[in-house]
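Each remark here refers to the structure printed beneath this line.
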Amino acid sequence: PFKFFPGFSKARISVQIMGMFYLALAVMSAIGAKVIFEKKISNRKFKIGMQILMIVISFFVVFDIFSHGYNKRFYSEKIGSPQFKQAPLNSPFRISDENHFLDNQYDWEYFNIENIWGKSGIRIKKYDDLFTKLENNNWKPINNKLYDFLNVGFIITSKKLPPQNKNFLLRAYLVENYKVVNDKEAYNLIKQGDVDFKNEVLLNKEPEYLGIKKETASPISIKIVKRDPSYIKINTNLSKKAILVMSEVDYNGWNLYVDGKPQNYITANYTFRAVALNPGNHIVEFKYRPFDVYIGATLSILSICILIFVAIKAVKK
């Protein structure tokens with residue numbers, strides 16, 4: 001079918017099939033529960049079998065979601081276009097797919113390439129505010145400072161532009177200069193193009209420089225050691241205090257650790273992240289651990305326990 005419907009990627013269809021599979025399991029469980037509790041079946045062995053089946057299905061679904069949903073994908077890594085598969089996991093640049101070259105904007109993630117547009121329906125408001133500004137202007141985006149800050153190296157567009165943006169900034173870099181402004185002021189400065197992202201950062205509060213202050217003779221360096229959707233690790237070496245600026249969105253659930261100690265990061269450049277650091281060698285880690293996940297996991301485990309208890313009571317009765 002992929003030959004006749006090229007708009008549907010294999011990865012996308014496999015995820016949809018998995019979703020339908022889970023829906024079918026949920027419907028089976030619901031029908032089974034309805035039949036059992038309305039006592040329309042007199043066969044005791046059959047009722048017990050149905051109860052056991054519901055428990056097995058519930059365990060399977062919970063286990064599969066926990067084992068696949070956190071860092072893994074449902075689809076095969078072997079599917080894909082070879083010219084894109086050469087891109088490293090921590091690609092040094094992002095892209096801007098303005099012509100929807102792929103069916104879904106987020107499909108670029110499959111090739112380990114990040115597209116700054118993402119899926120419009122799930123962009124957070126502050127991030128969307130910045131892109132509304134870009135969409136509503138007829139600027140050449142290759143010359144726009146915001147694209148440089150967002151690490152955009154290539155743009156897919158019908159406009160006549162240079163083949164590559166060589167001015168884009170790294171995903172994490174250091175600056176010394178900063179301005180403390182509120183959200184409205186930060187947005188207006190970015191909107192007007194008055195921010196020199198390379199040399200200064202807009203912060204929402206005065207920075208508190210983190211990490212134990214140490215003398216070091218080594219040259220200034222910054223290295224992203226590991227980066228995946230739920231974890232970022234950066235090694236830094238500073239000869240003087242500086243601010244680590246990241247083109248990573250400030251979103252609830254991200255927790256900062258500096259040299260293993262929990263700390264608070266600063267909202268930078270309207271809706272991104274920054275960490276103020278003292279001189280010396282420091283390990284900066286961001287871990288995505290939203291509290292809602294723990295609540296959901298607790299409720300899921302509790303529901304399973306209740307289901308088992310009810311099933312046992314029903315069998316005994």
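The values are calculated or read from the model by the stated rules, or taken from the named source; none is laboratory data. As the structure is a prediction and not an experimental result, all values here were calculated from the model. Ideal geometry is used to build each Cβ from the backbone, glycine not excepted, and the neighbour counts take in all protein chains shown. Quick note on the areas: whole protein, heavy atoms, side chains included, nothing else; ligands and nucleic acids left out. Shrake-Rupley method; radii C 1.70, N 1.55, O 1.52, S 1.80 Å.
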Can we say I124 is closer than 30 Å to E206 by Cβ, of a type in the set (A, V, I, L, M), at pLDDT 80 or above and open to solvent by less than 20 Å² (accessible area, probe 1.4 Å)? no
Given (1) assigned to a helix (DSSP H, G or I); (2) at pLDDT 95 or above, number of the condition S303 does not satisfy: (2)
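Limited to the range 107-121, what total is found for residues that are part of a helix (DSSP H, G or I) and at pLDDT below 70?
First, pick out the residues of the range 107-121 that are part of a helix (DSSP H, G or I): 107-111, 120-121.
Now drop any that are not at pLDDT below 70, which leaves 120-121.
Total meeting the criteria: 2.
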Condition met for I142 (modelled with pLDDT under 80 and either closer than 18 Å to N99 by Cα or outside any loop (DSSP other than H, G, I, E, B) (or both)): yes
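Determine whether L134 is part of a helix (DSSP H, G or I), crowded, with 18+ Cβ neighbours inside 10 Å, of a type in the set (A, V, I, L, M) and modelled with pLDDT under 75.
Values: part of a helix (DSSP H, G or I): yes; crowded, with 18+ Cβ neighbours inside 10 Å: yes; of a type in the set (A, V, I, L, M): yes; modelled with pLDDT under 75: yes.
The answer is yes for L134.
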When only residues in the range 206-264 that are loosely packed, with under 13 Cβ neighbours inside 10 Å and among the hydrophobic types (A, V, I, L, M, F, W, C) count, which is nearest to V195 (Cα to Cα)? V225
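Going residue by residue through the range 273-284, is there one that turns out to be more than 28 Å from D183 (Cα to Cα) and open to solvent by 30 Å² or more (accessible area, probe 1.4 Å)?
Taking the range 273-284 first, the residues more than 28 Å from D183 (Cα to Cα) are 279-283.
Those still in the list that are open to solvent by 30 Å² or more (accessible area, probe 1.4 Å) too: 281, 283.
Yes, the range 273-284 has at least one match.
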Within the range 36-58, work out how many residues are modelled with pLDDT under 70 and open to solvent by less than 80 Å² (accessible area, probe 1.4 Å). 2
